[in-house]
Amino acid sequence: MIESLVEQIESRFADVQAQMSDPEVIGDRKRYADAGREYRQLEPAAKLADEWRLAVSDAEGAEELLAEGEDTEMRAELADARERIERLEEEIRLAMVERDPSDDKNVIVEIRAGAGGDEAALWAGDLYRMLTRYAERRGFTTETLAADDGAYTFEVRGDGAYSVFKFEGGTHRVQRVPETESQGRIHTSTATVAVLPEAEEVDVQIDPNDLQVDVYRSSGPGGQSVNTTDSAVRITHKPTGVVVSMQDEKSQLQNRERAMKVLRARLYERELAAQQAELAAARSAQVGTGERAEKIRTYNFPERRVTDHRVKVTVHNLDQVLQGELDDLTGALQDDEKRRRLEASTAPS
C-alpha cells in the first residue's frame, strides 16, 4: 500500500513540476498560482518519499550483505533502516491526509470580550495584538476592519491563512492579577475568538432581497470625524438573523463593502459548521469547527505558562506567545488534526 502511495506522490509531484515550467501555464496567472499552491502542498510529501526510497534501498543492501554472512555492523544498519522506513511511512500517510478545503483561504478574525468585565476587554485587546503579530511573523497581511473597546475584527490575507488561524477559534482564558486589583488576587477572565474562512461571492449566494440595510451616524472612536453624516452601516440577513455593523470608515460605501465581506464569511462558516455536524454525527469524530465552543487555551501569568487543552500541550514562554510566537502550539494542533483525519479516513464506515 505504501509503495502505491509513494508512486502517486512522485507522479503528482513530477506533473506539477512540469506545469511550473510550461510556458502556457506560466502565461496564465491563475493556472500558475494553482500549480504553485499544489507544488508547495506536495513538496513535503515528495521529500519524505525520497527519504523512504533511500531507506528501502539501504535496507535491501544490508539484507544482501547479511545473506553472504554474519555481520554485526550490517545488522545494526538494517535495524536502523527498518526503523526509518516505519517512521517515514507514518509521516507520508499524515502528509497525504485530505486537507481541509478552506485551508488556502484568507480569514476574518473576530475577537470579543467574554466574562470578566473591564479585564476581559483588556484581554481581548491583548489577543488582538498577539494574533496580528503572529500573522505578520508568518508573512501574512492584516487589515483591521473594526476596533472598539473589547471587540475587534480583522482580516488576514495570504496563502494558507486559514490552515494556521483556524486553531485560534474558541474561548481563550487568562489568569492574572489586574492592574486595578490592590489585594494582588488572581482574576480569571475570557475572550472569544471566531475564525471565519473568507468567502468569495461564488462561495455564498446572497439574495439582495434577503438583506435589510440600515444606515446611521457613526459614534465612538471609529466615527468621531464623520459623526455629522450617516456613514455607519448595519446589514441584517433576514433568513438567518445574522447582523453585521461597520462604522470605522468615513464612507458609507466602504462600510457597506466591509460589512458584506464579514457577512459572507459568517454565512459561509454557518454552512461549514452544519456540514461538520453532519459528519460528526455520522462518524462520532470532530475535526476543525466542531470543537470551537470549548475553552481552548489558558494563559497563566503568575507561572508564565500557556496550556492548550485540546492537545494537552504546555509551554512556559508566555511573553513570547503574547508577542505572536505561536508556532509550537500551531504545529502540535496541525499534527493532531492530521492524525484525526487519518483515523477518520481509515475507520470502517
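Read-outs: derived from the displayed coordinates by stated rules, not from any lab. Note that the structure is a prediction, hence the values are computed from the model and not measured. Cβ: placed from backbone, ideal geometry, glycine included. Neighbour counts: every protein chain shown.
Relative to the first principal axis of the alpha-carbon coordinates of the chain, what is the inclination of helix 72-95, with its axis defined by its Cα atoms, in degrees from 0 to 90 and to the nearest 10?
Around 30 degrees separate the two axes.
Hey, got the dipole for region 2-95? About the Cα centre, +1 on K and R Cβ, -1 on D and E Cβ, debye to the nearest 20? Working shown, then result.
Details: 13 positive and 27 negative charges, 191 e Å.
Result for region 2-95 is approximately 920 debye, rounded to the nearest 20.
May I ask you to give the average projected area over all directions of the convex hull of the Cα atoms of the chain, in nm² rounded to one decimal? The partial results should precede the final answer.
Details: hull surface 99.7 nm².
Mean projected area of the Cα convex hull: 24.9 nm².
Please sort 48-59, 164-175, 122-133 by packing, taking for each peptide the average over its residues of neighbouring beta carbons within 10 angstrom, highest first.
Values: 48-59: 17.5, 164-175: 22.2, 122-133: 19.9.
Highest mean packing first, the order is 164-175, 122-133, 48-59.
Give, in whole angstrom and from largest to smallest, the semi-axes √(5λ) of the equivalent ellipsoid of region 69-145, with λ running over the eigenvalues of the Cα gyration tensor.
On the way: eigenvalues 489, 58, 30 Å².
So the equivalent ellipsoid measures 49, 17, 12 Å along its semi-axes.
So what's the angle, to the nearest 10 degrees on a 0 to 90 scale, between helix 29-67 and the longest Cα principal axis of the chain?
30 degrees
Given springs between every Cα pair under 10 Å in a Gaussian network model of the chain, which of S245, S21, S11 has the largest fluctuation?
Fluctuation is largest for S21.
Mind checking the dipole of the chain: about its Cα centre, +1 per Lys or Arg Cβ, -1 per Asp or Glu Cβ, Debye to the nearest 20?
Values: 47 positive and 70 negative charges, 448 e Å.
Dipole about the Cα centre, nearest 20: 2160 debye.
How far is helix 2-20 tilted, in degrees, relative to the longest principal axis of the Cα atoms in the chain, given as a value from 0 to 90 rounded to the nearest 10?
Once rounded, one gets 60 degrees.
Can you give the helix-only mean residue ellipticity at 222 nm for the chain, where every DSSP H stretch with n ≥ 4 adds -39500 (n - 2.57) and the sum goes over all residues, rounded to the nearest 500 deg cm²/dmol?
Details: 9 runs with 168 residues, N = 349.
About -16500 deg cm²/dmol.
Mind checking which of F165, T190, A146 is farthest towards the positive end of region 110-205's charge dipole, using Cβ charges of +1 (Lys, Arg) and -1 (Asp, Glu) about the Cα centre?
Result: T190.
Of V16, L78, G27, whose Cα points farthest to the positive end of the dipole of region 2-95 (charges on the beta-carbon: +1 Lys, Arg; -1 Asp, Glu; origin at the Cα centre)?
In region 2-95, that residue is G27.
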